[in-house]
Each structure stands twice: as structure tokens, then as C-alpha cells.
Amino acid sequence: MSLKSSRLSVRAHFVLRSLTAGMLLWPLAAFAEPSVNTISVNVDQARLVKLPARVATIVVGNPLIADVALQAGGVLVVTGKGYGATNFIAMDRTGEVLVDRLIQVEGPTDQLITVYRGVDRESYSCMPICQRRITLGDGDTYFKSAMDQAGTLSGQASTSAAAAKQ
């Protein structure tokens, strides 16, 4: 075997191995990127989606995972309510399906710190200092305390805003 044919054989072997590796990894690459038919949204956040103009009815598979609200001009507001996946279907007045898309609701993107006190869990958002963050799965006492504080603050803000208008 000559040096030239030996180099050719090594090069062909390298190309064959690269192609084989690419074919084996291709299915993983297909799952790495979200599909254009999937709407990704974080829990407790919203995303806007443009729909066709003739949408008359919206159906959500599981409203505990995501909520949708149709706005003027065919804009759909998708809000993440709980972790997981569901779908929504948009139909026109005749019942023709115009859109059928998957909604994937994922966890928070901030620096989330989880503290366990026995079986009870507490969540904190730490950007740049740690503050309470109500998260699905937190302990009942912690969750209720944080919700009560948020409700009190919201009520006071509403009262102040109403007083300022008068």
C-alpha cells in the first residue's frame, strides 16, 4: 500500500466515522430545538402569539397548565399557570381548525433558591438579593403567608390609586 493510498484510506475512514456519528446524533439534535408549532412560556409569565383574523373559538387542553386570552387584532396572550405541556386549538365560526399548537410551560428563569424545612418547601428569588417567590409545590403555610402579603399589598395599592383619582 502506498503512502498516498494510506492517506486516502485514513481520510475516508474519518469521513465515514463523522457521518456515522452525525446520523446517530441527529435524533438528539431534532429534540434540542423547539418545534415552530410549540409555544414555550415560563410559569407565571405571558407570551404573545399572532393568530389568523377569522378565529372565533379557542379551546385549551388543560387550563391548569396554560391560560389563553384572545385580544383585539388576533393577538393571543398565553400565560403559564403550571409546569407541563398542553395544547390550544383555534377554530373559525364554522368549526374549521385554523391552529393546533402545543404549549410547553417551563420553570422560572431567575436565580431560584429552594429551602426545605422537613417536608415543607420555600422558594426564594435571588437576583441580586433573596426575596420570597411563590412557586407551585411550596409548603401550605409558606404559600398562604406569601399570598396574604401579596393580597394586602395589592389592596393597599388599589386603595391608594382610587384615592389619588378623587
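The values are calculated or read from the model by the stated rules, or taken from the named source; none is laboratory data. Here the structure is a predicted model, which is why all the values come from computation and not from measurement. Virtual Cβ from ideal backbone geometry, glycine too; neighbours counted across all protein chains shown. Note: accessible area is taken over every heavy atom of the protein model, side chains too, but ligands, DNA and RNA are not part of it. Shrake-Rupley method; radii C 1.70, N 1.55, O 1.52, S 1.80 Å.
For Asp110, state whether it is under 15 Å from the mean Cα position of the chain (by Cα) and either modelled with pLDDT of 85 or more or on the phi > 0 side of the Ramachandran plot (or both). Working first, answer last.
Numbers: under 15 Å from the mean Cα position of the chain (by Cα): yes; either modelled with pLDDT of 85 or more or on the phi > 0 side of the Ramachandran plot (or both): no.
In short, no.
Out of all the residues in region 53-63, which are in contact with a Gly (Cβ under 7 Å, 6 or more places away or on another chain) and modelled with pLDDT of 90 or more?
Taking region 53-63 and keeping what is in contact with a Gly (Cβ under 7 Å, 6 or more places away or on another chain), we get 53, 55.
Within region 53-63, just Val55 meets the criteria.
Residues in region 65-106 that are farther than 24 Å from Ala53 by Cβ, in a loop (DSSP other than H, G, I, E, B) and open to solvent by less than 30 Å² (accessible area, probe 1.4 Å): Ile65, Gly82.
Number of residues in region 107-154 that are open to solvent by less than 100 Å² (accessible area, probe 1.4 Å), closer than 17 Å to Val43 by Cα and among the basic types (Lys, Arg) equals 1.
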